[in-house]
Amino acid sequence: MSAPERGADVARAAKVLARGGLVAFPTETVYGLGADASNAEAVARVFATKGRPRAHPLIVHLADAAQLDHFAVAIPDAARALAAAAWPGPLTLILERSARVSDAVTGGAPTVGLRVPAHPLAHAMLVAFGGGVAAPSANRFGAVSPTTADHVVADLGRDVDYVLDGGACRVGVESTIVDLSRGRAVLLRPGGLAREAIEAIVGPLANADAQAPAAPGTLASHYAPRARVIAVEPHEVPAAVAAQRGRVAVLAPSGAFAAWPALGALAHPLPDDDAGMARELYAALRDLDATGVDVVIAALPPAAGLGEAVGDRLRRAAGPKDEP
Ligand code: TXA
Ligand code: MG
């Protein structure tokens, strides 16, 4: 598998998008695999490349919140308030879609996910391109999301036409998704914008229920590395290690390891703060896979701030791999 074209050429990325090609691009959360949202054929290639079921809709990325009314209708005040406060940033809003949004993007759903990413290269690419860019995370379906251009190339190789290289992602976990299409604000996926910051603007968020649309990020088996992941409370780590055979690694905040002097496992420390943990989580899971360990015992962080998203991803990585 030879390498795709790669660089920091925003004009080139916009040109590839305009002719229906696929561009992997950096956002502050994770790398996206982008296509012109108005080009059904290009969007179909995104699904094929990822190996993702067509019924799982893509987020449309915009240069500016001013484009909101082009892609959505019946926009509630809460959505405008969140867009004003959090964009550009790691927040996706689910809204009633306008007639301009193609079925290829939404899988026929009456709603669309919209987000204005904060990464300067993503912003420059979106400005140069001018339209909406439909993009899932730039990994094969079910795998850990990429937070560097190297991760993208390792996953997708030449199936992507251009890799816009913007370095390592600053936030490191996917955007928070809030559904505002059903009369109240529902948290569909915790992510890079903390629940507390959102609730300060729109009040308490409801949790996703049975009526919420099925989303791949909500499958228990998502975000899984090759190694088996076991997510436990920090005080349960030593017993969890002792119960394992094979090559075992422990993923935990660096400060926690002081309490475990004779762990008998490969130690992979993460930063002690929630934002640092989120930033380094996916690269850590990839690094651990590269060491060939069989099992990763992961310490769950407190659910405050970005800890909610980190805990969510660890639980999903630990979920059964045979889910659809
Ligand atoms: O941070 C992010 O959100 C990254 C970067 C690239 O922007 N994107 C991302 O995309 O994580 P993806 O496709 O891997 O996850 C998006 C999630 C999926 O679970 C999808 O089903 C859900 O958003 N989604 C998209 N549109 C939706 C809609 N109209 N209704 C409900 N869920 C939707
Ligand atoms: Mg994804």
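Suppose we filter Ala220, Ala215 for residues that are touching a strand residue (DSSP E or B) at 6+ places or on another chain (Cβ under 9 Å), within 16 Å of ligand 1 (Cβ to nearest atom) and either modelled with pLDDT under 95 or open to solvent by less than 10 Å² (accessible area, probe 1.4 Å) (or both); which single one remains? Can you show your working first?
Details: Ala220 fails: touching a strand residue (DSSP E or B) at 6+ places or on another chain (Cβ under 9 Å).
Residue meeting the stated conditions: Ala215.
Which of the residues belonging to the stretch 126-139 are among the small types (Gly, Ala, Ser), open to solvent by 10 Å² or more (accessible area, probe 1.4 Å) and at negative phi? Reasoning before the result, please.
To start, the set of residues in the stretch 126-139 that are among the small types (Gly, Ala, Ser) comprises 128, 130-132, 134-135, 137-138.
Narrowing the set further to residues that are open to solvent by 10 Å² or more (accessible area, probe 1.4 Å) leaves 128, 130-131, 137.
Matches in the stretch 126-139: Ala128, Gly131, Ser137.
Which one is surrounded by the fewest Cβ atoms within 10 Å (Cβ to Cβ), of the residues in the stretch 34-56 that are within 12 Å of ligand 2 (Cβ to nearest atom) and closer than 21 Å to Arg100 by Cα?
His56
Take the residues in the stretch 96-110 that are over 19 Å from the mean Cα position of the chain (by Cα) and not in a loop (DSSP other than H, G, I, E, B), then tell me which one is farthest from Ala13 (Cα to Cα).
Selected residue: Glu96.
Based on what the data block shows, is Gly113 in a loop (DSSP other than H, G, I, E, B) and either surrounded by fewer than 24 Cβ atoms within 10 Å (Cβ to Cβ) or near ligand 1 (Cβ under 9 Å from one of its atoms) (or both)?
no
Checking the structure you have, find out if any residue of the stretch 60-76 is small (Gly, Ala, Ser), more than 15 Å from ligand 2 (Cβ to nearest atom) and buried (at least 21 other Cβ atoms within 10 Å of the Cβ). Spell out the reasoning first.
Filtering the stretch 60-76 for residues small (Gly, Ala, Ser) gives 63, 65-66, 72, 74.
Those left that are additionally more than 15 Å from ligand 2 (Cβ to nearest atom): 63, 65-66, 72, 74.
If we keep only those that are buried (at least 21 other Cβ atoms within 10 Å of the Cβ) as well, we get 63, 72.
Checked against the condition, which is being small (Gly, Ala, Ser), more than 15 Å from ligand 2 (Cβ to nearest atom) and buried (at least 21 other Cβ atoms within 10 Å of the Cβ), the stretch 60-76 yields at least one hit.
The values are calculated or read from the model by the stated rules, or taken from the named source; none is laboratory data. Only a predicted model underlies this, so the values are computations on that prediction, with no experimental measurement involved. Positions of Cβ are generated from backbone atoms using ideal geometry, with glycine treated the same way; all protein chains shown enter the neighbour counts. For accessibility, only protein heavy atoms count, side chains too; no ligands or nucleic acids. Shrake-Rupley method; radii C 1.70, N 1.55, O 1.52, S 1.80 Å.
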